[in-house]
Each structure stands twice: as structure tokens, then as C-alpha cells.
Amino acid sequence: MEGLAILLFAAILIFMLTGYPVALVLGGVSAVVGFIFVPDFLDFLPLRIMGVLQNNLLMAVPLFVMMGLVLEKSGIAEELLRSMGNLLRRFPGGLAVSVVLVGGILAASTGIVGATVITMGLISLPVMLKSGYSVSLSTGIIAASGTLGQIIPPSVILVLLGSVLQVPVGDLFKAAVIPGLVLMLCYVVYVMIFSLVFKNEKVAQSVIEEKKYQDENQNVRQFLMALFFPLLLIFMVLGSIFFGIASPTEAAGIGALGAFLITFLKRKLTMDLCKHVMNETSQLTTMVFFILLGATTFALVFRGLDGDELLTSLVKDADLTSFQFLVLVMVVVFIAGFFIDFIEIIFIIVPVVAPIFVMYKVDLVWIGILLALNLQTSFLTPPFGFALFYLKGVSPPEVKTVDVYKGVFPFIVIQAIVFSLYMFFPEWLVY
């Protein structure tokens, strides 16, 4: 039976590489194997599925997705980039720094990587290239800043990891704040050093409008006005969680409602916008939950075939320490990020290794943060990094795919350094 568990895992990986939908591969192959080899499989499966559907925590996923999609259409990103680009135009690499800061703000208020990368790519990439920035730095900083939404709360990754690892999402949100800010700081430092060394300090007078002279007080006022609504929403969502006023699911509801109110106050709330948001939210949520149901079926069959016991015995026989096993898992997750989506990694790999971490009595919140930092790089690693696809799709014709790949490499190194720091110094996580 244990050998069948290994064959099941291998079969799923092979079918996934053929291009079949992940949800159907996970659920279909597991259901066939379970029906044939696992007694009482059909008795337990409905109970497991209903357990997933009754998980109130997962209700936060569509609400956070909706919040991000509404804010994408409200013009917040464009206003922030305009105003911050004007404010920082005299600093070395000021426009690139503004991209990092806006990426962090959008991460804390939307958490949608695709929306952030596309918005910043459309608005800032042409101006950065026209201002004398290298193609690699321009594409790299936009792609990397757009992925901050995967680690800076509220993050869909953290919600899903909290559900799979069975740890409070609020604790994950608190623990992710410092790593997210450290990543932003490292990006800013790298950009400023790069700009000084390679003389990329020729910043456009404005992100969109090239005006040579503008009153500094007006720049500050525009920036503060553009910053007000995102900060208010961040305080409403994260503040309600951190101060114990609301659960993550309730805070997600507050965030979605707040996003609609902001759009209404900006006079951009239209029926077309609502239809677009509802359609996109339904599609993204359906994808996530279908993969989750398929993964639930896989987990049930894998354990029914004693796969978890086999993995535990292999680890014990190998006499691995908890840290050695952690390194092994993180390497596997990193390599998997080159080829498959973060949702698939969370629902396929994490449930298999989580019991081992429990056996080692490792802090699962720390594991969750390390996994989130690791999975963030999957958006940047060629050949299938989604942030790279998003950015290339909105880039000018002169920007080649190889330029995008070269641009993200330094930021992958930066993320690897930050990841290593938190792996070796977990006490730096304050939560």
C-alpha cells in the first residue's frame, strides 16, 4: 500500500506536466486510485469535502480577491505612482524607489500580484525607459515590487497556508509584516546603489506628465491625498485583525466593503466595474476551490495508502534533523516553483510535509513565513514566473523576454538572502 502512495504522487506529477487542469488531475487520479485500493473511500470523501466547504477561514479568499480587484479599477495605483514619482524625482533612482514603495502599499491594500504588476508596468515602465533607466532594472523592479503582495498581509498565500498548516492566520499576518518591510528596504537600497553606480539617476519630472517645474507643496499635497485611502483601508483590515477586533474573514469583509466605498467616493463605481469584479472574483475563487477539493481528495487517498506513515518512516530512517528536513523541503518547494503554481504547491506538497514538522515540534508559523517567502520567488523564477508573463504582456515591443529574465535575477538573489536570514534567525520574527 505504501508503494501505491508513491506511485500516486508520481502519476499526479506526470499528468500535471501534460497540461491537464490541475484540479481535475488531483481529484480524478486520486478518486480512481482511492475507489480501487482504499476501503471506505466513498464513505469518507463527502465528509472531507464538507469539512472544506464549512471552513469559515476560506471565505476570506474571495473577499480579499474582490477587494484587490475593486481597488485595481479605482485608480489608486495610478495616483500613487504619479504623486510619488513627482515627490521623489530628485533622488537617485527616485522613480524606481517610488515603484517599490507603491508596490508595498498596494500589497498591503490589495494583495493581487497580477493587478499590481500590470498597473505599474503600464504606467511606469515606458517612463522609466524614457528617463534613462536600464531595461533590466526597470523590468526587474516592477516585477519584484508586484510580488510583495504575496508576503505583505493581507495575502491570499498566508490565508491558504494558515488553512493547510492549521495555524491562526492572524499570527501569520503579524509575523509577515517585518519580512515584507525588510524586502522593501532591500529593494530600495539596491535600486539606489545601482542608480548611483551606473548613473541611472535621470528621473522624469513626473511619472506621467513631464513638467519641469511644479510646486513642492503641491507635490506633497497630491501624495498625501493619494495615500489617504490606501492607508485607511490598510488600517481597517490589518488593524482590526492585529487588535483582535475582527477575525481574518471578518476583516476581509470589511476590506471588500471599504474598497467599494473608496471607489464610490472616487465616483468610479459603475455597473460595468461591478460586473467585471464579480466575474473575475468568481473565476479566481472557483479555480482555487476546485484545486482545494482535488487536493483534499488526494490527501485522503494518500493517507489511506499510508503515504504519510511512509514519509515519516523515511525521514526517521534517514536520521535527518529538523533543520535538515526543513532545508530539503524548501529546496523542493523552490524547484517546484519553476514549473507549477503556488496554489498547487500549497495544496500538494505542504499537507504532505506538515505532519513531519509537527513531529519535530517546529513552530508552524515560522514554517508558514518561510514557505510564503519561498513561494514569492515562484512568481519571478523563469520559465513560468507569472509576474514575468504579466509584465511582458504590457511591455513596449523593445522589451524582450530575456531582458525581463535578466532584470529579475538580482531580486531573486535579494529574496534568497532575506529568506536565509529568517531561516537561520527565526527569532527575528516578531509576532
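The values are calculated or read from the model by the stated rules, or taken from the named source; none is laboratory data. From a predicted model like this one, the values you see are computed outputs, not experimental measurements. Here the Cβ is made from the backbone with ideal geometry for all residues, glycine too, and neighbour counts use every protein chain on show.
Here is how the numbers come out for the structure above:
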item: Residue in region 316-333 that is part of a helix (DSSP H, G or I), within 20 Å of Gln166 (Cβ to Cβ) and more than 22 Å from the chain's Cα centre (by Cα) present; result: yes
item: Lone unmet requirement of (1) under 22 Å from Gly121 (Cα atoms); (2) of a type outside the set (Asp, Glu); (3) part of a helix (DSSP H, G or I) for Gly3; result: (1)
item: Residue in region 1-42 that is surrounded by the fewest Cβ atoms within 10 Å (Cβ to Cβ), counting only those that are of a type in the set (Val, Ile, Thr) and farther than 14 Å from Ile348 by Cα; result: Thr18
item: Val362 modelled with pLDDT of 90 or more and among the aliphatic types (A, V, I, L, M); result: yes
item: Candidates Leu172, Leu160, filtered to the one that is modelled with pLDDT of 85 or more, within 12 Å of the chain's Cα centre (by Cα) and closer than 18 Å to Thr249 by Cα; result: Leu160
item: Some residue of region 110-129 being among the small types (Gly, Ala, Ser), buried (at least 24 other Cβ atoms within 10 Å of the Cβ), over 21 Å from Leu375 (Cβ atoms) and in contact with a helix residue (DSSP H, G or I) (Cβ under 6 Å, 6 or more places away or on another chain); result: yes
item: Cross-chain or 6+ apart pairs with Cβ under 7 Å, region 269-291 first and over 10 Å from Lys73 (Cβ atoms) and at pLDDT 90 or above, then in a helix (DSSP H, G or I) and basic (Lys, Arg); result: none
item: Check on Phe379, at negative phi, part of a helix (DSSP H, G or I) and surrounded by 17 or more Cβ atoms within 10 Å (Cβ to Cβ); result: no
item: In region 382-417, the residues that are surrounded by fewer than 20 Cβ atoms within 10 Å (Cβ to Cβ) and either in contact with a Leu (Cβ under 6 Å, 6 or more places away or on another chain) or outside any helix (DSSP H, G or I) (or both); result: Pro382, Pro383, Phe384, Val394, Pro396, Pro397, Glu398, Lys400, Ile412
item: Single residue of region 212-227 satisfying the filter (exposed (fewer than 12 other Cβ atoms within 10 Å of the Cβ) and not aliphatic (A, V, I, L, M)) that is modelled with the highest pLDDT; result: Gln218
item: Which listed residue, of Leu310, Leu293, is within 22 Å of Val52 (Cα to Cα), in a helix (DSSP H, G or I), out of contact with any Pro (no Cβ under 9 Å at 6 or more places or on another chain) and not hydroxyl-bearing (Ser, Thr, Tyr); result: Leu293
item: Odd one out for Val167, checked against (1) at pLDDT 90 or above; (2) in a helix (DSSP H, G or I); (3) under 19 Å from Leu58 (Cα atoms); result: (2)
item: Odd one out for Leu158, checked against (1) within 18 Å of Val70 (Cα to Cα); (2) buried (at least 24 other Cβ atoms within 10 Å of the Cβ); result: (1)
item: Failed item, numbered, when Gly149 is tested on (1) in a helix (DSSP H, G or I); (2) surrounded by fewer than 21 Cβ atoms within 10 Å (Cβ to Cβ); result: (2)
item: Residue within region 112-121 that is at pLDDT 75 or above, aliphatic (A, V, I, L, M), over 26 Å from Glu398 (Cβ atoms) and within 20 Å of the chain's Cα centre (by Cα) present; result: no
item: Test result for Val135, among the aliphatic types (A, V, I, L, M), closer than 17 Å to Gly393 by Cα and modelled with pLDDT of 75 or more; result: yes
item: All positions within region 235-286 that are of a type in the set (S, T, N, Q), outside any helix (DSSP H, G or I) and surrounded by fewer than 13 Cβ atoms within 10 Å (Cβ to Cβ); result: Thr270
item: Residue under evaluation Ser155, criteria (1) at pLDDT 90 or above; (2) in contact with a Gly (Cβ under 8 Å, 6 or more places away or on another chain), criterion not met; result: (1)
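Residues are listed down the side, and each one gets a yes or a no for (1) among the hydrophobic types (A, V, I, L, M, F, W, C); (2) out of contact with any Phe, Trp or Tyr (no Cβ under 9 Å at 6 or more places or on another chain); (3) within 27 Å of Leu265 (Cβ to Cβ):
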residue: Ala23; (1), (2), (3): yes, no, no
residue: Val38; (1), (2), (3): yes, no, no
residue: Met50; (1), (2), (3): yes, yes, no
residue: Lys73; (1), (2), (3): no, yes, yes
residue: Asn86; (1), (2), (3): no, no, yes
residue: Leu95; (1), (2), (3): yes, no, no
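Table: residues versus (1) outside any loop (DSSP other than H, G, I, E, B); (2) at pLDDT below 85; (3) among the basic types (Lys, Arg).
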site	(1), (2), (3)
Ile14	yes, yes, no
Pro39	no, yes, no
Leu42	yes, yes, no
Leu45	yes, no, no
Val52	yes, yes, no
Phe64	yes, yes, no
Met84	yes, yes, no
Arg90	no, yes, yes
Val97	yes, no, no
